[in-house]
Every structure is written in structure tokens, then in C-alpha cells.
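Working notes for the structure below.
Derivation of every value follows stated rules applied to the coordinates shown; laboratory data play no part. Given the structure is predicted, the values throughout are model-derived calculations rather than measurements. When we count neighbours, we look across all protein chains shown, and the Cβ atoms used for this are built from the backbone with ideal geometry, even at glycine.
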Amino acid sequence: MKYILAIDQGTTGSRAVIYDNAGRCVVSAYEEFRQYFPAPGWVEHDPLEIWQSVRNSVNKVVRQVPRSSILAVGITNQRETAVVWDRETGKPVHRAIVWQCRRTAERCRALKNRPGESAFFRERTGLPIDAYFSATKIEWILKNVKGAAQKARCGRLCFGTTDSWVLWKLTGGRSHATDYTNASRTMLFNIVSRSWDRGILKKFGIPVDMLPEVRQSSGIFGYTDESTTALPAGIPVAGIAGDQQAALFGQACFSPGTIKNTYGTGAFMLLNTGARRIRSKYGLITTLACGRDGGPVYALEGSIFIAGAAVQWLRDGLKIIRTAADSEPAARSVPDTGGVYFVPALVGMGAPYWDPGCRGTITGITRGTTAAHIIRAGLEAICYQARDVLEAMRRDSGLAVSRLKVDGGAAKNDFLLQFQADIIGLRVVRPVVIESTSLGAAYLAGLATGFWKDTAAITRCWRRDKDFRPRMARARARSLYDGWRSAVARTLSSTRKAAW
């Protein structure tokens, strides 16, 4: 037997998964690492602790199969998180600045206030100016770590998102590279020329020599060094993609018009638009994803900041459920929410509103409102937010969407997925493997090494678990959604609203 090893380097931990030729998980291991919060709104990781979590999880799974059975390695990762390390010593110069970190928000506001800057960045990178992305994180490190700017000018420093850091460590420092999907999330990469944008680099004082080589997502990035993990030397690292683009690939969404939604702490909907770059008018991000051969194609992305985190808040904040799984029977215990809407803007709202200043609201409470009504409203809110993004995608792209593929931990919830189908009026399809992120990384690596002949072979591996078809009358769905839009209008901090 031969296998593909997928490394899923996430925000709270790292997972290693070994997949067989049918796309089935053979064995997996997971290890968490610490989160650091040195100031309000600041979030950091220790890159060495990230690497240790990767190393330990890889060693656990590799020791359960013959070492010679691992054909290739694929990597997927938390996007936007910035790691800067010394090229000669291999040591990080500062903790990694995480995608959630808001320390550079003021810098981003100042940039946005300059005439023409927002349009400049949107046209070149497809992204809004935001502390979410890597550019201002790198700039902050160069300005605030003693000696870092000088070392960078001398070619001593490397930058990478966590895929590049893991690749560097796996290959014993021989490979400093990334893929198009991760590069497109830095706010430094020109998605038209598909190269690092020197005009943007100059704005931030970032030498191009710091940046990794950008390659297509399926292909050889380097080879394992035996001194780093239990893997033997010479295993090709043959696939890399950011987590959401990897999930899109793992769901076999290879053609324009195919779409997936991942329900995790947040929710991320991606629509493959192929060779067509769409400039969003409705609050979405234009980004790069993986096409049939693992090469770059365009996609529209809608980032919902709070999805499963709303259920976590009901559990840990309000303490009205004991476990996240308890939310489903609680929601089913009442016929509806009794007019209650929960807008979970616990950290502001993402797509399509992009309102960081608003805060969560619960509307429609009466003396008859119970905990079950609020719990049900929390689950329904996840689905309403997904419809917000889907409506924006339909208007931006004009593409006909026939079904929504779903994955992520919250996709286990049948009530959630049935209500999702009802509120969007489309079939919602859950696969057998809902951890599509690591599976996508495995597919990319296996495609590059002949483990899977082509994407037709990968499509045959994709297996449906359950279909959820709309049951609700469309007039009822429209009425409920109108109520949601009204609740959102009360929540927004200013005159912001969706553009439709």
C-alpha cells in the first residue's frame, strides 16, 4: 500500500492525516499549541511551538504505517499569519502574528484614508486594505524588532505564511516557497501578473528577497530531510494550498460555478470562477484557488467571522447548552424561534457588510422567549449569513449555482443543513469526509506524484453522505430572510448595508 500524508497546520493546532488511494483516512493525529495575547486585540503564536506540534503529529501517524509507504506530503495551513525568521540560523525573529491580530488596524485605517489607495490595492491584489492580511504584519515586525529591517535589507530574513515555515523545517531549510493561494492572501501579491508586486512592497518597505518563491499548488516544493521528523529523507512535498482553497479542491470543485461552504469557528464560502477575474461590487474578496491541474484559477470568497463560534458562545458565555452537539435537539424542541433573531456580530461582521464596529444583537425577545428559541436563532443565523454571501456571489458572478457543498465540524448538524437548504432554496450536499481541508492537500500532492492520475480520479473518490433538499415554502423563506435583514440593519454601526 502507498499513502499520502497531509499536514493541516491550523490556528489552534496541527493535524497529520494519512490518506489511501480512495481518499479515506487511514490514521490521524492532532496536537494543539498555545495562543498568546500580549495586548488587547493582539494574537500571536510561537513558530517553534507550531513546528513542534506539526512534528509530533507527523511522527505519531508515520510510526503507524511502514515508512516506505508514504509517497508524498501535502500541506494546508491557516492563511495570512506572518512568520519571519533568520535565513542563516533558522530562528524566528518574533512570534508569528496571527490572521486574527488587529495590531495594525490603525495603520490600515490611515492607508484607506489616502485617496486612491483602496482602489489601488483592490485592483492589484483583489483584497481590501485590512489588518487581516500579512502585509502590515511584516511591516510591523521590520519596524519594531531591533535589527530586523537591516537584516532584511541584507537578505538575511525570510517571510512566510505557516505553509512556508513548515516547508522550510521539513526540508531542513532547503526550500523557501509557497503557492499561489497563500501568496494571494498577503496583500503583496498581484493576482493579475501573478507575481510579488514591487510597487506594494515599496509602500511597506519589504525587500523582495524576503519573500518565498511562488509555485502552483500541485507540484514539487522540496524533499523531506530525515533529521526533521520520522519521515525518511527524499519524500516529495508535492502540494500546498491555504485552508479554504484546499477545502474547495477537496470538495472536487474544479469547474466554474462550483461552490463550497466550510462551517467552522467562522464560515468561508468559495465560488470557483475559473479564468474569469470578477471585481466584486458586493463585499466579497477576489482570490486565487486551485484549478484542475492544481494551477491558479480565480475565486470569489465570502468570509463570515462568527459561525460555530456563536454556538460556542451559547455554551461558554450564556451557558444554556452543555456541549455544541446539544444545540441540535434544543433547536428541534421548538417549531421556530418565536420571532427571535440573533445577529452574532461578536467581533463585528465580515462579508458582505465589513463592519468591524458593530456588535451582536438579539431581537424579538418576549416573555415567551426560552433558551431553546435563542439556541435555534443562533443556528439559523449561521444559515442567514451564508445566504447573505451567496446572494452577493450570484450578483457578482451571474453564475448559476445548482447546489452547495458543505464541510467543517458544524456540518455534522442535520438541523443546520436542512435550514440552510430551506433558506437558500438550493440542495445542500454533505460528503462522507467533512474534513475537506486536509483531503484537498492530499489530493494536490497525490496529483503531482501520480497517486491520482487526474481530477477525474479524484472526483470518483468524492462520496456523498447526505442530501438536504429545500422543504420550506419559498414565501416563508423570503419572510424569514426579510426579518433577518431587518435585524442586521439594527445591528450595523453606521449606514453600512449590503449593496443589493
Rg followed by Dmax, in Å, when region 368-452 is reduced to its Cα trace = 16.4, 61
ask   = What length, rounded to one decimal in nm, is gained on full extension from Ser193 through to Lys112, with 0.36 nm per residue of separation minus their alpha-carbon distance?
value = 26.8 nm
key: Scattering profile of region 3-234 at q = 0.07, 0.09, 0.10, 0.15 Å⁻¹ [log10 I(q)/I(0), Debye over alpha-carbon scatterers]   = -0.23, -0.37, -0.46, -0.99
ask   = Distance from the Cα centre of region 275-327 to that of region 402-453, in angstrom?
value = 13 Å
note = Rg/Rh over Cα atoms for region 219-363, Kirkwood Rh, comes to 1.10
ask   = Got a sec? Charge dipole of the chain, +1 on Cβ for Lys and Arg, -1 for Asp and Glu; which of Val389, Ile191, Gly308 is way out at the positive end?
value = Val389
key: Sparse-neighbourhood loop sites, trypsin sites (Lys or Arg not before Pro) in region 346-385 - DSSP loop, at most 14 other Cβ within 10 angstrom   = Arg359, Arg367
ask   = Given Lys91/Lys202; Lys112/Lys281; Lys169/Lys453, which pairs have Cα atoms separated by over 22 Å?
value = Lys91/Lys202; Lys169/Lys453
ask   = Given 0.36 nm per residue, what is the gain on full extension from Ser255 to Thr323 after removing their alpha carbon distance, in nm?
value = 20.7 nm
request  = Quick one: compute the contact order of the chain, relative version, from alpha carbon pairs under 8 angstrom and 6+ residues apart, as a percent.
outcome  = 15 percent
remark   = Calc'd 3J(HN,Hα), region 147-163, phi into Karplus 6.51 cos²θ - 1.76 cosθ + 1.60 (θ = phi - 60°), Hz, glycine/Pro = x, comes to x, 5, 4, 5, 4, 5, 5, 8, x, 7, 9, 10, 10, x, 6, 5, 4
key: Rg in Å to one decimal, and Dmax rounded to a whole Å, for region 252-500 via C-alpha atoms   = 18.3, 63
query = Order of Thr323, Thr229 from fewest to most other C-beta atoms within 10 Å?
reply = Thr323, Thr229
ask   = Per residue of the chain, what 222 nm ellipticity follows from adding -39500 (n - 2.57) for every DSSP H run with n ≥ 4, rounded to the nearest 500?
value = -10000 deg cm²/dmol
ask   = If you count, for each residue, the other Cβ atoms within 10 Å and average over each peptide, how do 419-429, 149-159 line up from highest to lowest?
value = 419-429, 149-159
ask   = Which parts of region 189-211 would a label at Glu123 reach, counting a residue when its backbone N lies under 19 Å from a point 7 Å out along Cα-to-Cβ?
value = 189-204
